[in-house]
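Asker: The following block contains the structure, expressed as structure tokens.
Computed from the coordinates by the stated procedures, all read-outs in this text should not be read as laboratory data. Here the structure is a predicted model, which is why all the values come from computation and not from measurement. Here Cβ is always computed from backbone atoms with ideal geometry, including for glycine, and neighbour counts include all displayed protein chains.
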Amino acid sequence: MMQPDVEAMDEDPKEYRWESGYEKTWEAIKEDESGFLEPSITEMIMRAKRRRLLEREASVRLGIMRHLYVIVDMSQAMNEQDLKPTRHLCCLSILNDFIPEFHEQNPISQLGLIITQNKTAKKYSNLSNNPQRHLETVKKLKELSCRGEPSIQNSLEVALASLKHLPPHTSREVLILYAALTTCDPGEIEATLTKVKEANIRVSVVGLAAEIRICKTITKETEGTFVVCLNDVHLKELIMEHLEPPPASKKIDHTLIKVGFPHQINTDAKPALCMCHLEDLPSLNTEGYYCPQCSAKYCDLPAECKVCGLMLVTAPHLARSYRHLFPLQHFTEILLSQSSSKSCYSCYKMFKEIYADKNVFQCPKCNQIFCFDCDIFLHDSVHSCPGCVSNPVISQNYGNVE
Amino acid sequence: MASTSASDSEEGCLLVIILDVHPCLASNEGEAEVYLNTVTAFANLHLASSGANRLAIIAANHAQSCYLYPDQSHEEVERQIDGRLELLSHVDKILHENLKKMMVTTTIFTQSESLIVGALGRALTYVRRIESEDGLNKKINARILVIKVSTDAGGQYLNYVNMYLTAQKMRLPVDMCVIGSDCGLLQQGADITGGLYYKVNSVDKLMQSLMMIFMPNLDSRRRLALPPSGSVDYRAACFCHRSLVDMAHVCSNCLSVYCKAVPLCSTCNALFGMEMPIRKPPKKKKND
Ligand SMILES: [Zn+2]
Ligand SMILES: [Zn+2]
Ligand SMILES: [Zn+2]
Ligand SMILES: [Zn+2]
Ligand SMILES: [Zn+2]
């Protein structure tokens, strides 16, 4: 019933780099003798990152309650060793970082894992906001061998079956990590694509090997993104980009969601079993968080209460999302010679008149000058300007949300 | 993880002290002197205890935050210093010079709180720069110590959380030592970043606490019986009344917190339909 689908290969072959001899764009970039890539590629990635940060429209409405399925290609193409140690292990170790980060930055969102190999697709981790469960799945997947061919259609069908029933106010997303150059599908993928579009699911693909026509089509039709990685650093960068919620689709409705803010347990509480480690050998202790609705105990937050279904979060994790409401304004790139600063306001690095520090970055609110590294770090990770929050006038009107 | 104590002594520890120098210190000159001398002595002890140890001090008052040490205008002098003792007296000198400068430039007295969070942001980027300059193979054991004297007005919550979660991601513990009254905001920070929180009753007890609690490196701390930190309050304040709640409704678009169901989000103007029950994903056992 499953016939190999060669459609991906027979159209416009000239268009694809892998066919014209470049399996990867980055092979054109020379490695030096010690195996390190020239600094230009790091620079290129950092520049691209800054551009993406600039492009991210501050005012865009974000569908923050996300439901994301990560589909991992586990076909034989993942055994290649161009990413170290293998594509398979490289991807999984990036997911190991991605998963906790995703739940931290998207406190009321849910994640699930699907893998595809041997022409089929299988759900390995149900949608949930329990990072622990997904991390255990990733551990299991490291042991699983990569074999056969992948199927994009079957993977999308598995994701579709679960995502289409979700309430209308959620953002529905699929992220495919894909190494193979073909897909082996049971039928017309267009039919699946139509259903995916109707269900308002955004599909993005991170390619490990080459551009493939079908991935281009799917991502274009569903308003997702399609990028092929240059190396392992770039791959991590591309996957981590999906930590940020995508712009909300217009079709999303809004609603109020009930959440609980559990108490951290004080020492005079009765020792209790936690709900998260019931399967291991649980130890009785008093440390942890109680569900305010049913008093079940959890070691870590965020979590979804297994007993009463309440979403359990902490105020700091919710506050983390408010950066979308109060985004850190972009800094202006100026020439070092135009500023009187001798050092970066934040990290105290001395500026030198060499290439790296020729341009510096100025906060439009507090006018302090920052180095390139701090500009990226503050916008990408911190989301507050140390200059503005060190200024009593600005900080009084800025981000005072509790 | 297990072998960090050995590498600790070789690579040393980068300690960044964030020092509150709020003008309220001026109300008791004798106490202010004890306070500053204690911190200087503690900084010296840190530098003296290992040749590989490193130090930075960032001060904050109600008007600004400011690097006290290192000081780039003294970099040349510092390069010529070879003895450890000479370095220590040099550190003392710089600290006092820069503190004086800072006091002079901020003469207007207001009641507002110290801008600790600004100093904290600068400390994060400082640690990050030193770590990257040291190269990928050597991980310097960095930690931040906040010493706070002024009372807390509870402003800038969001900025504090941004700093805490970044420090947590960097695996950078932030220790909090407060003098006088408890500070819930700093207590959350210590809990989130894996640092210690401790309240000292008065300035003359500060040295003892710094030595007993905040001097030991991270590994030896695990072996010490430290005072329990108590429980940390992680409830959120609703946007409508600013009261703390343990259950709430949040807007699915912007996560604004409401203590009661509302028809419209006052933050992002989203209109709400009927409230959705929390829906569990369908369990399809036959496929799994
Ligand atoms: Zn519950
Ligand atoms: Zn900098
Ligand atoms: Zn600023
Ligand atoms: Zn309220
Ligand atoms: Zn809202």
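Asker: First select every other residue whose beta carbon is under 12 angstrom from the beta carbon of B:V200; then total the charges, Lys and Arg +1, Asp and Glu -1.
Answerer: +1
Asker: What list do you get for A:K236, A:K119 if you sort them by fewest beta carbons within 10 Å?
Answerer: A:K236, A:K119
Asker: Say each of A:K197 and A:H330 gets a label point 7 Å from the Cα, pointing the same way as Cα to Cβ; how far apart are those two points in nm?
Answerer: 3.1
Asker: Tell me whether the range A:120-169 comes out rounded, prolate or oblate; compute the Cα gyration tensor, take square roots of the eigenvalues as a ≥ b ≥ c, and use a/c under 1.5 as the rounded threshold.
Answerer: Oblate, since a/c reaches 1.5 and b/c is not below a/b.
Asker: Okay, moving on. Can you sort A:S384, B:S50, A:S145 so the residue with the fewest Cβ neighbours within 10 Å comes first?
Answerer: A:S145, B:S50, A:S384
Asker: Please give the FRET efficiency for B:D182 paired with A:S341, using the beta carbon to beta carbon distance and R0 = 35 Å, rounded to the nearest 0.05.
Answerer: It comes to 0.35.
Asker: I would also like to ask the following. Report Rg/Rh for the range A:59-243, rounded to two decimals, where Rg is the Cα radius of gyration and Rh the Kirkwood radius.
Answerer: Answer for the range A:59-243: 0.93.
Asker: Let me ask something else about it. At B:N37 and B:Q72, where each label point lies 7 Å from the Cα along Cα→Cβ, what is the point-to-point distance in nanometres?
Answerer: 3.4
Asker: Sort A:K349, B:K205 so the one with the fewest other Cβ atoms within 10 Å of its own Cβ comes first.
Answerer: So the residues, fewest neighbours to most, are B:K205, A:K349.
Asker: At 7 Å along Cα-to-Cβ for each site, give me the label-to-label distance between B:M247 and B:A52 in nm.
Answerer: So the label points at B:M247 and B:A52 sit 5.3 nm apart.
Asker: Lys and Arg at +1, Asp and Glu at -1: add these up for the other residues within a Cβ distance under 12 Å of A:F331 and post the number.
Answerer: Summing Lys/Arg as +1 and Asp/Glu as -1 gives 0.
Asker: Mind checking Rg over Rh on the range A:332-393, alpha carbons, Kirkwood formula for Rh?
Answerer: Ratio value, two decimals: 0.94.
Asker: Continuing with the same structure: Mind checking the full-extension length gain between A:C299 and A:K84? Use 0.36 nm per residue of separation minus the Cα-Cα distance, one decimal, nm.
Answerer: Extra length from A:C299 to A:K84 when fully extended: 74.0 nm.
Asker: What net charge is computed for the residues neighbouring B:L25, neighbours being all others with C-beta under 13 Å from the C-beta of B:L25, Lys and Arg scored +1, Asp and Glu -1?
Answerer: -3
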